[in-house]
Structures are given as C-alpha cells and as structure tokens.
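The values are calculated or read from the model by the stated rules, or taken from the named source; none is laboratory data. Please read all numbers here as calculations on a predicted model, not as lab measurements. In this analysis, Cβ positions are derived from the backbone assuming ideal geometry, glycine residues included, and neighbour counts consider all displayed protein chains. Heavy atoms of the whole protein, side chains included, go into the accessibility calculation; ligands, DNA and RNA do not. Shrake-Rupley method; radii C 1.70, N 1.55, O 1.52, S 1.80 Å.
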Amino acid sequence: MKKPYFLISLIAIVAIVGIGAWYFITQQGLTSNPATPEHGMALSDAARQALVIAPDDFVLGKPEAPVTIIEYSSLTCPHCAAFHRETLPLLKERFINTGKAKLVLRDYPLDDVALRAATAAHCVGDSAGTAAYFAFMDVLFHQQKEWATAPDPLAAVGQLAAFAGLKPEAFQACLKNEAVANKVLGRRLTAEKAFNIQSTPSFVIGGQVLSGNQPIENFAAAIEAAGK
C-alpha cells in the first residue's frame, strides 16, 4: 500500500522547515516571535481552536487548573531537554502541583528521529495512560544526549520504550503507524498556522507566545497575567 500523499507532503515540510529551525534554535536558544499577540488583542480563529484542549491531548496537572500552558517541543532539541531538566520542575512546584496551571505537551518535531520518537511516546501514552506518557517523555528528554547521538537512535528509543512497557513488536508497529505520525505532524502545522511557532521550545500561555527556555520568572509573569 502506498503512503498517503498527505503524510509524504508533511514529512517534506518538516524536512525543509526543520533544518532551518534546528540551526536557529541551537544557535540562539531564546527567540522572540514577531507574531506574538499582544495582551487584549483578538486571537485568530486558528489560534482559538488551537487553545482548546483536545481529548487526545496529554495534560500534566489538574484539569480544572485555570491557566493552560501549551508546550511545543521536539525530542531532539537540546533547549527542550534543558527546559524539562531545569525549568519544568520549578513550574511543577510553583504552579502545576498547586493547581494554578496545567501543561499540555504537543509535539513539534524538527527531524524524522524526533517524529518517530514522539510517535513512540504517543503509543506508550495510548496504551498505558497519561502518567506513563509523561514519564516516558521525561526519560527521553533527560537521556537525550545518549539516545539521540547513538549510532541507531530509534533502536535506543526502542530500548527505553521497552522499559515503559512497549514490547519490541509493538514498538516497531508504532513506528509504522501513519495515523499517529500524521497526528504529530498535524499538531506542528497547526502551531505554525495558529501561533507562528518557528522554534522549540515555544509556549502559549493565555494566547501569548514565549519562545525558548525562558527563566522561571518569565513563565510566572505570563501565568499571572493569564490568570487575571
């Protein structure tokens, strides 16, 4: 069976856009987004739709938390890994665990390895639940240097997935699951259209875009503004 033209087109877009975005974020780390909507300005229809938490979104924190943080990240992005190692624990302590905010993690793969690793993470989450998904993502970000630079990165991801309960045959089937890959790539395209996301990690808080692994004080200010 031939692959759908939709998937082929999306992969081509990721390959073309991802090369430039990868170079940009690895050189800059923090970026400003010229399309960031100012406080009080009307959001586009695409942005309003993207702010809605979908049933298949993975959400960290209490569902009733008043402020939503949407994270767009790539599993092969070193600045994304730094955010998960250094900044996310502070966000959990101050805002997520206290019920003030929740985090929605959405993929923005910058290369094919990131796409396939994200696909595996979705399979882990779909089979074992939200807690397993975030635990697996945590492992992938914390051990990024080891698996992403391995001679066969996807084989290394498969070994980690096995510890998360995804058996080798299920992992291989997951890597070939075009429906999951299309969903991951679709989220990236939505982020580009709705918020002009061009680098990772990027965060949408109350309709405002923060680009890069920002200091915790910047997140705190955005969360407090969104909660008013």
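Things worth noting here:
- Of the three principal axes defined by the Cα atoms of the range 142-206, the extents in descending order read 38, 27, 22 Å.
- Computed about its Cα centre, the charge dipole of the range 54-192 is approximately 320 debye, with only Lys, Arg, Asp and Glu carrying charge at their Cβ.
- For the range 124-199, the Cβ-based charge dipole about the Cα centre amounts to some 220 debye (Lys, Arg positive; Asp, Glu negative; other atoms uncharged).
- Whole-percent pair-distance distribution, where bins are 10 Å wide, for the alpha carbons of the range 82-228: 11, 38, 36, 14, 1
- Accessible surface, the range 125-199, averaged per residue in Å² (probe 1.4 Å): 50 Å²
- Proximal aspartates and glutamates relative to Lys167, as straight alpha-carbon distance under 20 Å, when same-chain residues fewer than 8 apart are discounted: Asp126, Asp138, Asp152, Glu178
- Across the range 64-81, coupling constants 3J(HN,Hα) worked out from phi with the 6.51/-1.76/1.60 Karplus curve, θ = phi - 60°, read 8, 4, x, 10, 10, 9, 9, 9, 10, 9, 10, 5, 9, 8, x, 6, 5, 4 Hz, and Gly and Pro carry x.
- Distance violations [Cα-Cα > 26 Å] among Lys92/Lys228; Lys145/Lys176; Lys62/Lys183; Lys62/Lys228; Lys102/Lys176: Lys102/Lys176
- Tensor-based shape of the range 34-132 (alpha-carbon gyration tensor, a/c under 1.5 rounded, otherwise prolate or oblate): rounded
- Taking a straight line from the alpha carbon of Lys100, these aspartates and glutamates sit under 12 Å away, with near neighbours fewer than eight places off in the same chain left out: Glu64, Glu224.
- Across the range 60-133, Cα pairs under 8 Å and at least six residues apart give a relative contact order of 40 percent.
- Sulfur and carbon atoms: percent of accessible area, the range 97-165 [1.4 Å]: 56 percent
- Once the Cα gyration tensor of the range 116-174 is diagonalised, semi-axes √(5λ) in Å: 17, 13, 8
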